[in-house]
Amino acid sequence: MITKNDAEATALPSEFIKYTRGVFGEERWQCYVDAFRTAPPVSIRFNPFKAALLQQMPFADIMDDSVPWCRNGVYLKERPNFTADPLLHAGAYYVQEASSMFLDEVIRQHFHETSGMALDLCAAPGGKSTLLRAALPSDIILYSNEPDRRRANILSENMQKQGCPNVVVTNNLPRDYKRSKMAFDLVLCDVPCSGEGMFRKDAGAIGEWSVQNVMKCRDLQRSIVEDIWPCLKPGGMMIYSTCTFNTHENEENVRWITEELGAELLSVNINKVWGITGSLLEGWDGPVYRFIPGIANGEGLFMAVMRKTDGEVFKNPKPALNILHSSLTVPQGTQKGKDIIPAHAEALMTCLQKDKYPMVELSLDDALHYLRREAITLSADTPRGFVIVTYQGLPLGFVKNIGNRANNLYPQEWRIRNL
């Protein structure tokens, strides 16, 4: 029975309420409904490659608890205007929903390779990819892929801001990777889903929900996994995740992967106080991990960890992929007249040779002018030529100092528009 209390508190579709209440059980359902009366938690994850260089820690006055399943995650007591903080644009931290950070605990417990390749197959906007790059050993090459071109450009921007080497951003379909015959030690399938776990944060997700879309997503998710499974090395690890609640896209798909593809499910050691829920599929108790608002301190996430037990190994890889960004080498500049304009990504790289370019520290106001791609004035003693401007010690990008003014070289497509 759908009560008036349920409907008013959540404004959710009646079919969703009926199904999900039955899957959750009454106690979990009431916790979930009650969560709609509180604001979603705010959390960030520091970039360990840059945070250590900060002159002062951002948001120190509003920091709350650490995210217990992520080494670099913290909750904030309130949501600041992140766009107005130059440190966000410098890649010092990433604004990420806390449940998604559970990936850090999975990597810590189960991934022990020191070299090789990893793939984040559906990676935009970049939360889990930036986490992977921080969590994986530095010699692992991370391919971060997004099939949608517009979202892939956002992914590329966020990966460049993190500034880490050994990252390749691509814009390809899963079947393109299958054709490439590349083989990975780790594949993350954070698959497109019906988005039920985002209902508390995103009213638009509620309006897009339907039973038909749930089943359409289930079939798409199986197709994605089936396409990429040959690219996982025997003995390699696949992480399957969604931000939805129903068992069709979650437990039933994981069971399908184990039965049809022969995957072995792996358990993750968790602390009971984290409030993580296990399988909700009647008659099936495989190790899976659910975050339900009101029970765990985060939004909806489902995750399962699997090992590929056997299968052929691809030979003669042909990685003919659409590469948007690569930090396997120092990014090359572009010729413009007599100048070679350095690539913006070079300024952001953590392996930047510190004495290659002069660096000038900016005030908060000047840093925001720079990020809006407006003119800034440097001190008279600043060397002429290409200069890296910084905020609290972290590079923001290049300007070309010509004496009486500095030409702003911040990427046009990245500029801040809403301040």
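Where a number appears in this text, it was derived from the coordinates with a stated rule and is not lab data. Here the structure is a predicted model, which means the values were calculated and not measured. Methodologically, a virtual Cβ is constructed for each residue, glycine included, from the backbone with ideal geometry; neighbour enumeration extends over all protein chains shown.
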Item to check | Convex hull per residue volume in Å³, alpha carbons only, for the stretch 354-419 | outcome: 84
Item to check | For D65, distant residues with modelled amide H under 5 Å away | outcome: Y75
Checklist entry - Under the rule of -39500 (n - 2.57) per DSSP H run of 4 or more residues, summed and divided by the residues of the chain, what mean residue ellipticity at 222 nm is obtained, to the nearest 500 deg cm²/dmol? => result -8000 deg cm²/dmol
Checklist entry - Remind me, what semi-axes does the stretch 40-82 give for its equivalent ellipsoid, largest first in whole Å, using sqrt of 5 times each Cα gyration tensor eigenvalue? => result 17, 14, 8
Checklist entry - About its Cα centre, how strong a charge dipole does the chain have in debye, to the nearest 20, once Lys and Arg get +1 and Asp and Glu get -1 at the Cβ? => result 1300
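Please figure out what share of the DSSP beta bridges in the chain is antiparallel and state it in percent, rounded to the nearest 5. Please report the intermediate quantities before stating the final value.
Details: 40 of 62 bridges.
Rounded to the nearest five, the antiparallel share is 65 percent.
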Checklist entry - What does the charge count near I388 come to, summing +1 for each Lys or Arg and -1 for each Asp or Glu among other residues with Cβ under 12 Å from its Cβ? => result 0
Item to check | Kirkwood-based Rg to Rh ratio, the stretch 69-129, C-alpha trace | outcome: 1.01
Item to check | Cα gyration tensor of the stretch 177-293 - equivalent ellipsoid semi-axes, whole Å, descending | outcome: 24, 19, 13
Item to check | 5 Å-binned pair-distance histogram of the stretch 150-232 (Cα, whole percent) | outcome: 3, 12, 16, 17, 20, 17, 10, 4, 0
Checklist entry - How big is the antiparallel share of DSSP beta bridges in the stretch 276-419, given as a percent to the nearest 5? => result 80
Next on the checklist: Assuming 0.36 nm per residue, please report the length gained on full extension of the stretch Q30 to Q412 beyond their Cα-Cα distance.
Outcome noted: 132.8 nm
Checklist outcome for this item: The ratio Rg/Rh over the Cα atoms of the chain, Rh being the Kirkwood inverse mean 1/r radius, stands at 0.99
Checklist outcome for this item: Connecting every pair of Cα atoms under 10 Å apart in the chain and solving the GNM, the largest mean-square fluctuation among P80, P293, P41 falls on P80
Item to check | Gain on full stretching of the segment that runs from D139 to L419 - 0.36 nm per residue minus C-alpha separation | outcome: 96.9 nm
Checklist outcome for this item: At the level of C-alpha centres, the distance separating the stretch 251-327 and the stretch 173-217, in angstrom, is 13
Item to check | Inter-part distance where the stretch 356-419 and the stretch 77-126 are each reduced to a Cα centre, Å | outcome: 27
Item to check | Residues of type lysines that K216 reaches as a straight line, Cα spacing below 28 Å, ignoring anything fewer than 8 places off in the same chain | outcome: K18, K128, K178, K181, K201, K308
Checklist entry - Cα extents of the stretch 308-419 along the three principal axes, largest first, in whole Å? => result 64, 35, 24
Item to check | Cβ-defined net charge surrounding A90, 13 Å radius [Lys, Arg +1; Asp, Glu -1] | outcome: -1
Next on the checklist: Assuming 0.36 nm per residue, please report the length gained on full extension of the stretch Q56 to Q353 beyond their Cα-Cα distance.
Outcome noted: 104.7 nm
Next on the checklist: Tell me the Kirkwood radius of the stretch 22-175: reciprocal of the mean inverse pair distance over distinct alpha-carbon atoms, in Å.
Outcome noted: 16.9
Item to check | L173-K315 FRET efficiency (beta carbon distance; Förster radius 22 Å; 0.05 resolution) | outcome: 0.50
Checklist entry - What FRET efficiency do you get for Q335 and R149 if R0 is 25 Å and r is their Cβ-Cβ distance, rounded to the nearest 0.05? => result 0.45
Next on the checklist: With the alpha-carbon atoms as the only input, what is the per residue convex hull volume for the stretch 275-347 in Å³?
Outcome noted: 228
